[in-house]
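Written out below as structure tokens is the structure these notes cover.
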Amino acid sequence: MTFTAELWKSIEPVYAAILRHPFVTGLTQGSLPRESFRFYAVQDALYLREFARALSIAAARAPQDDWIIMFNEHAAGALKVERALHESFFREFGLSPEAVARTPLAPTNLAYTSYLLAVAYGAPFHEAVAALLPCYWIYWEVGKELERAGSPEPLYRRWIETYASTEFGRIVRAVLDATDATAARLAPAERDAMRRHFTATSRYEWMFWEMGYRRESWPL
């Protein structure tokens, strides 16, 4: 079993909870309130800005030239390709890029992105890539799962098709390969650190769906 297969097996209960979440099931049923999807899309756009920063920091620490290139390209893609997807949603909602940029991060979003940036800045490359991996991998798996079910809502179907795409799958497989190659050179204690970060950010992925569904706000 590959190291990444071990990682996935360890979060099977988390992934099952994600698939059961009403935000996710609402995408395929078309029952997700548009206000929740609007809130989520804005927060996700803000998240991707910080995710791109973390990717660039990880790229700077990558031990192989190809990985330096890859993670920097992914950082650019997060800001260009996925931003284009979000902005197409924002046009439908009548939101300007300036209005989105002025939106404060919800508590879960701030906690998640702060965690990613703290690991990227303060931990070695192998820990950073483990923390970043769930955002890639869980979205791909969710996209494929939801594509099989489809959606009656064109807006939600567009989101599903993006993450179920062959192109996105190639990106995820490349990160999985880099993660396995990295783990193969490490001591058990270092791999344990990777597992801890992977589990933590997988849980944050569930929390992000919950945040969007409930349109989470600061209590004070």
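Laboratory data are not the source of any read-out in this text; all were calculated from the coordinates shown. All values reported here derive from a predicted model rather than from experimental measurement. Cβ sites come from the backbone with ideal geometry, for glycine too, and all protein chains shown count toward neighbours.
Sort the chain into rounded, prolate or oblate with this rule: let a ≥ b ≥ c be the square roots of the eigenvalues of the Cα gyration tensor; rounded if a/c is under 1.5, and if a/c is not under 1.5, prolate when a/b is larger than b/c, oblate otherwise.
prolate
How would you classify segment 78-162 from its alpha-carbon gyration tensor, with a ≥ b ≥ c the square roots of the eigenvalues: rounded for a/c under 1.5, else prolate if a/b is greater than b/c, otherwise oblate? Walk me through the intermediate numbers first.
On the way: a/c = 2.55, a/b = 1.31, b/c = 1.95.
Here segment 78-162 falls in the oblate category.
Which angle from 0 to 90°, rounded to the nearest 10, does the C-alpha axis of helix 166-183 make with the longest principal axis of the chain?
With rounding to tens, the tilt is 30 degrees.
Compute the helix-to-body angle for 125-149: its Cα long axis versus the longest principal axis of the chain, expressed 0 to 90° and rounded to tens.
Roughly 40 degrees, rounded to the nearest 10.
Taking 35 Å as R0, compute the FRET efficiency from the Cβ-Cβ separation of residue 195 and residue 149 and round it to 0.05.
0.70
With no solvent and one point on each alpha carbon, what is the Debye value of log10 I(q)/I(0) for segment 154-220 at q = 0.19, 0.21 Å⁻¹?
At q = 0.19, 0.21 Å⁻¹ the computed log10 ratios are -0.97, -1.02.
Which one, 45, 2, 179, projects farthest toward the positive side of the charge dipole computed for the chain from Cβ point charges (K/R +1, D/E -1)?
Positive-end residue among those listed: 45.
For the chain, find the longest principal axis of its Cα atoms and tell me its angle to the long axis of helix 188-214, 0 to 90°, nearest 10.
Here the helix axis deviates by roughly 0 degrees.
At 7 Å along Cα-to-Cβ for each site, give me the label-to-label distance between residue 76 and residue 118 in nm.
Spacing of the two 7 Å Cα→Cβ label points: 3.2 nm.
List the residues whose amide H sits under 5 Å from the amide H of residue 32, counting only those 5 or more places along or on another chain, with H placed 1.01 Å from N in the peptide plane.
Residues meeting the criterion, in which the H sits 1.01 Å from N, are 27.
In units of 2.2 N^0.38 Å, what is the alpha-carbon radius of gyration of segment 98-220?
Normalised Rg, Cα atoms only: 1.20.
For n ≥ 4 DSSP H runs only, could you compute -39500 (n - 2.57) per run for the chain, divide by its residues and tell me the 222 nm figure to the nearest 500?
Mean residue ellipticity at 222 nm (helix-derived): -28000 deg cm²/dmol.
What is the chain's relative contact order, in percent, from Cα pairs under 8 angstrom and six or more apart in sequence?
Worked out over the chain, it gives 36 percent.
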